[in-house]
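Report on one structure; see the data block that follows.
The values are calculated or read from the model by the stated rules, or taken from the named source; none is laboratory data. Everything quoted here is computed from the prediction, not taken from an experiment. FYI the Cβ positions are ideal-geometry reconstructions off the backbone, even for glycines, and counts take in every protein chain you see. Each accessible area value is taken on the protein alone, full model and side chains, heavy atoms only, with ligands, DNA and RNA left out. Shrake-Rupley method; radii C 1.70, N 1.55, O 1.52, S 1.80 Å.
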Amino acid sequence: MAFNENGRIWFNGKFVDWKDANIHVLSHVVHYGSSVFEGIRCYNTKNGPAIFRLKEHVERLFDSGKIYRMEIPYTVDEICDAIKETVKINNLKDCYIRPVVFRGYNELGVYPLNCPLEVVIAAWEWGKYLGEDAIENGVDVGVSTWRRMAPNTLPNMAKAGANYMNSQLAKMESLLNGFNEAIMMDYGGSVSEGSGENIFLVKDDVLYTPHSSLSILSGITRDSVTKLAKNEGIEVKEEAIPREMLYLADEIFMTGTAAEITPVRSVDKITVGNGKRGPVTEKLQKKFFNIVEGEEEDNFAWLTFID
Ligand code: PMP
């Protein structure tokens, strides 16, 4: 992942140079984690750059903001347009887009509503999140000792900066223990999600994923995979998954904007299936990449072209 420091960043409605997109150290967000954000990918299809599920991402940004009483001073359409402009002005094709809404500088104290709301959109090139060969060969994951936030603590349905303190604990632990990624349990001890991905298991040709009440972020890639699977006639069950199912699954994969669809080859050093990417994972990956790369008809209307 490399930033293009010659790029331009959309900052409260205007483009500024990369080096000028700064905030004060006493901004509310720096002290209390008061931000909501999105991660969105743009793909260089054969018909030009196209953003994957732009509207759904921007709507989730507004939903995250609503939970935290953040009244974003733009419409969904205005933010969608600003995102397209950001990709265009930076001449990007394959890229990752990061809109972030945060509480800025005015006063400090937990109460946030006297601090101004700032809206920023940046974009840069970002390759495969879990490593170049991960999409084919999979990753080794470990179950984290850290659990996902319990209900009524930090809302998992908001994609808020503060939630990623929990993700960071799990991610650091997993990497320091020699894994590529963590899987967290929910407060009740059933499977929840990764530090930045949702999780799917295949057992006897049925696809399982934790229900939205199990402390997950309702991923847009998760939703896309569910739709693709149903379209392929694969049964999808959203339910509570016991930890040990991770050891007994035929296939496991993780989904997310950054991770896309990444197979899991071991959990806690126990090999998943035969240790190779399974047929259901491969089939769904193929469908997904064919659509986002413009090789197959976009029947779900998931792509927003830049031009
Ligand atoms: N869970 C968490 C904690 C995440 O950070 C992400 C990445 N946004 C996901 C799930 C996957 O969501 P999406 O597919 O919308 O990127």
Quiz item: If you wrap a convex hull around the C-alpha atoms of the stretch 190-278 and split its volume per residue, what is the figure in Å³?
Solution: 89
Quiz item: Taking the Cβ-Cβ separation of Glu293 and Ala150 as r and a Förster radius of 41 Å, what is the calculated FRET efficiency to the nearest 0.05?
Solution: 0.55
Quiz item: Normalised by the residues of the stretch 64-185, what does the relative contact order come to in percent, with Cα pairs under 8 Å and at least six apart?
Solution: 23
Quiz prompt | Accessible area of the chain belonging to carbon and sulfur atoms, whole % at 1.4 Å probe | solution = 49
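Students often get this wrong, so check it: of Lys159/Lys286; Lys128/Lys283; Lys14/Lys128, which have C-alpha atoms separated by over 25 Å? Can you show the working numbers first?
Numbers: Lys159/Lys286 28 Å; Lys128/Lys283 19 Å; Lys14/Lys128 30 Å.
Result: Lys159/Lys286; Lys14/Lys128 exceed 25 Å.
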Practice problem: For the stretch 87-143, state which GluC sites (Glu not before Pro) are in a DSSP loop and have at most 10 other beta carbons lying within 10 Å of their beta carbon. | Solution: Glu107, Glu132
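For the chain, what does the accessible surface come to per residue with a 1.4 Å probe? Please give it in Å².
Details: 14350 Å² over 307 residues.
On a per-residue basis, 47 Å².
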Quiz prompt | Under 11 Å, Cβ to Cβ, from Asn47 - net charge with Lys/Arg +1 and Asp/Glu -1 | solution = -3
Exercise. Just check the stretch 38-96 against the gyration tensor rule for me: Cα atoms, a ≥ b ≥ c as the square roots of the eigenvalues, rounded for a/c under 1.5, and otherwise prolate or oblate depending on whether a/b exceeds b/c.
Key: prolate
Quiz item: Over the stretch 8-124, one equal point on each Cα, no solvent: what is log10 I(q)/I(0) by the Debye formula at q = 0.09, 0.12, 0.18 Å⁻¹?
Solution: -0.24, -0.43, -0.90
Self-check item: Segment Asp94-Asn47, extension gain: residue separation times 0.36 nm, minus the distance between their alpha carbons
Solution: 15.7 nm
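When a/c reaches 1.5 or more, the comparison of a/b and b/c decides; with that in mind, is the stretch 113-175 rounded, prolate or oblate per its Cα gyration tensor?
On the way: a/c = 3.03, a/b = 1.31, b/c = 2.31.
Verdict is oblate for the stretch 113-175.
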Quiz item: Does the stretch 35-187 come out rounded, prolate or oblate, given a ≥ b ≥ c as the square roots of the eigenvalues of its C-alpha gyration tensor, rounded meaning a/c under 1.5 and, failing that, prolate meaning a/b above b/c?
Solution: oblate
Quiz prompt | P(r) weight above 34 Å for the chain, C-alpha pairs, percent | solution = 21
Practice problem: Can you spot the lysines whose alpha carbon is less than 22 Å from Lys269's alpha carbon? Ignore those fewer than 8 places along the same chain. | Solution: Lys171, Lys203
Exercise. Positive end of the charge dipole of the chain (Lys, Arg +1 and Asp, Glu -1 on Cβ, about the Cα centre): tell me which of Met254, Gly278, Gly39 has its Cα farthest that way.
Key: Gly39
